[in-house]
Amino acid sequence: MVFFVLAATAQPGVLTSERQLPPITIVGKRPKSQPKQPSEFSGYSMEVSTDQVPSLSGVVKKSPSVQVSETGGEGGTADFRIRGLDPFQNRYFLDGVPLSDAQFNAGNVSLVPTEMISQLDLYAEGVPLYLAEDGLGGALNLHLSSDDSRTALFGSKFGSYDFVRLFGRYSSNAPAKAKLFAAYAQSNEDYVYYDDNSTSYNKEDDLLARRQHNRFKRFTLLPRLTVYADKTNDVAFFSLNYYADAEVPGSTRQLQQGQLKQFFNLSALKWDRHLNDRLKMQAHAFLRADWQQFTGQDPSFAISNQSKQWAVGVRNRLGWTFKTPHHLDFLSGITYEKYILEHRELSQHERLTVPFGISSNLELPDWSVSLRPAILSHYFRYSDVSQAAWGRTYLLASPRIGLTWMATPNLRVRSTVGKYYRAPSMYELFGDASRIAPSPSLMYESATKGDLGADIELNHPFAGARNLKCSYSFFISRASDLITYLVNSQQTRVAANIGESAIWGHEMGMTLESALDINLDAALTLLSTRNLSNISYQVGKALPSQPSIRFQAGLAYAKKGWQVGYQVSVLGNRYLDLANTKELSTVIEHNASVGLKTKTFGIFGLEVRNLTDVITVPSLVGSFETIDNSTGFDGYPAPGRRLYLTWQYPFL
């Protein structure tokens, strides 16, 4: 709190009525920032450099609001929990276009190449109205780089577990503004893990084993084109294409090996138009398709599933500045989704979504206060083509309001409160043909959330420091009719509304830029959870996989074309089950990196992840100590120490 006391005497920074927390920037050439969208939430932006290319999870985990869970190596998947809420309760976007698929109603952000991203907007408070999606959690909006300079880049990355990645990027401003990215990657992922031989309480037969059947190949193609641009119009098109052929190892405890082939496409046409000084329109139309084929190889799980998902939608947003600086936003849209599952018999499911809403920005200059009320509504209609008599409709509303008070030129106080909801996904309602049973009576889940926080920015706060930025947030959430999966037989699970939960906590973030070119960033989260369900052996317990403390810190030094960095992350104790019978101990991971930029030979980067080779940690069942994977996922371990070398060569 000492930083807030200094605000009255230190030189003011550049805070405005819109929250601008410290951009999380990887050292290198700074890309052009995207204009901030008016929103009822403050949110903040994380800039991504074009010189040193990190993983998306490596950028996001620097925020105190986000917990990143990774399984596997460089080709593995990453889940994002925002303020304690599960990954499928959050929403993900590419340039404002939803990445969420028709089956799970969740998005795989790892499909998007980081080399094409210039900025990431994080909304921990909720999904803002202008993004037009439902969700109990927050939102991540990835911005494609709009840099129109003529450049070309070739790069490669080699590393542990036979990892190879080749990629290239080209952009031109004549005869049209266009950008093209292509990448190919493959890996073996045959890393060593700790195998307890399915006898958790007997350490005598434990051994180190090697993960098998875990290869993958994938190809990504992403063009972006400015179709038309003048003083009042900007029309752009992009198309994200992804193909993967991967071995699926299944759990180490119960092998369910298979082969997964996937093709994903998201194409969108975006149109920004300034009608006059007071009216601005933003619209986009999109088509999303996802084809997957899974073939089981284990005799006990010999299946062949093929799913086809596609969606088409439009969004329109009209902004009206009726009296400067007062502003109104009107939102409308429609999305039609279809999910087809082929397995022994054909099942087809449809969902129609109609979002609409209004938000306002009201400035009270005499009190240095900004009020941002909004209401977002959705009409949902579900249908099962194979059962014409079945149908389900929802009409839901989400009122929310944000407030910002500029207490001093460099101290800002902010708060939001609102009611939110998430409609069930098709997977939860209709199940699948193998392991998930249908749950046609499933209801939507909802939550009431609020937060209160402050941000401060000080230029030259003390000798040797150029800039200091600090933030604090207290947040609380009370959710109802939560959706989770319950075991209803030996072989199947079913989605069910289990009751209520409460989540509250504190977030603190800090970045310091020194005069010695040494930069420090740190984030701390203290989290408390309570299960308020109607299940007797779960009520009053903590929610699983939610650490009570989370800490992340990074130290970087950059000078004359080279840089060195170190990061440490601490994930506190957490329970692994709803009944809180098993508690996983604290996991600490260290990472280090070195980068060198030359004029003749290009850009080199060396990265070491998990320096201390942590793959297991102790866990407690009552007073009995066992050993578990550091991931906290039973049967799904993570690799230990990994080494990666990256080379990029710009030749234009």
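In the chain, carbon and sulfur make up what percent of the accessible area (probe 1.4 Å)? Here it works out to 60 percent. Our note on the geometry: Cα centres of the range 310-334 and the range 196-238, 33 Å apart.
Calculated from the structure at hand, volume of the Cα convex hull per residue in Å³ is found among (1) 342; (2) 158; (3) 139 as (2).
So which trypsin sites (Lys or Arg not before Pro) in the range 415-462 are both in a DSSP loop and have at most 16 other Cβ atoms within 10 Å of their Cβ?
When the trypsin sites (Lys or Arg not before Pro) of the range 415-462 are filtered for loop state and at most 16 Cβ neighbours within 10 Å, 435 remain.
Accessible surface computed residue by residue for the chain, with neighbouring protein chains in place and a 1.4 Å probe, gives 43 Å² per residue. What shape does the range 125-232 have by the C-alpha gyration tensor, where a ≥ b ≥ c are the square roots of the eigenvalues, rounded means a/c under 1.5, and otherwise prolate means a/b greater than b/c and oblate the rest? In terms of gyration-tensor shape, oblate. For the chain, what is the mean residue ellipticity at 222 nm derived from helices alone (per DSSP H run of n ≥ 4: -39500 (n - 2.57); sum divided by total residues; nearest 500 deg cm²/dmol)? After summing the helix terms and dividing by the residues of the chain, the value is -500 deg cm²/dmol. Of all lysines in the structure, those lying under 16 Å Cα to Cα from residue 449, and not within fewer than 8 positions of it along the same chain, are 419.
Please go through the range 563-608 and write out the chymotrypsin sites (Phe, Trp or Tyr not before Pro) that DSSP classes as loop and that have at most 10 other C-beta atoms within 10 Å. Filter output for the range 563-608: 601. Ranking 108, 223, 241 by how far each Cα lies toward the positive end of the dipole of the chain (charges on Cβ) leaves 223 at the top.
Classify the range 408-514 as rounded, prolate or oblate, taking a ≥ b ≥ c as the square roots of the eigenvalues of its Cα gyration tensor: rounded when a/c is under 1.5, otherwise prolate if a/b is larger than b/c and oblate if not. It comes out prolate by the Cα gyration axes.
Applying a threshold of 23 Å to the alpha-carbon distances of 203/582; 560/599; 62/599; 62/541; 280/338; 270/308 flags 62/599; 62/541; 280/338; 270/308 as lying beyond it.
The values are calculated or read from the model by the stated rules, or taken from the named source; none is laboratory data. Just so it is clear, the structure is predicted and the values come from calculations on it, not from any experiment. Neighbour counts run over all protein chains shown; Cβ positions are idealised from the backbone, glycine included. To get the accessible areas, we keep the full protein, side chains included, count just its heavy atoms, and leave off ligands, DNA and RNA. Shrake-Rupley method; radii C 1.70, N 1.55, O 1.52, S 1.80 Å.
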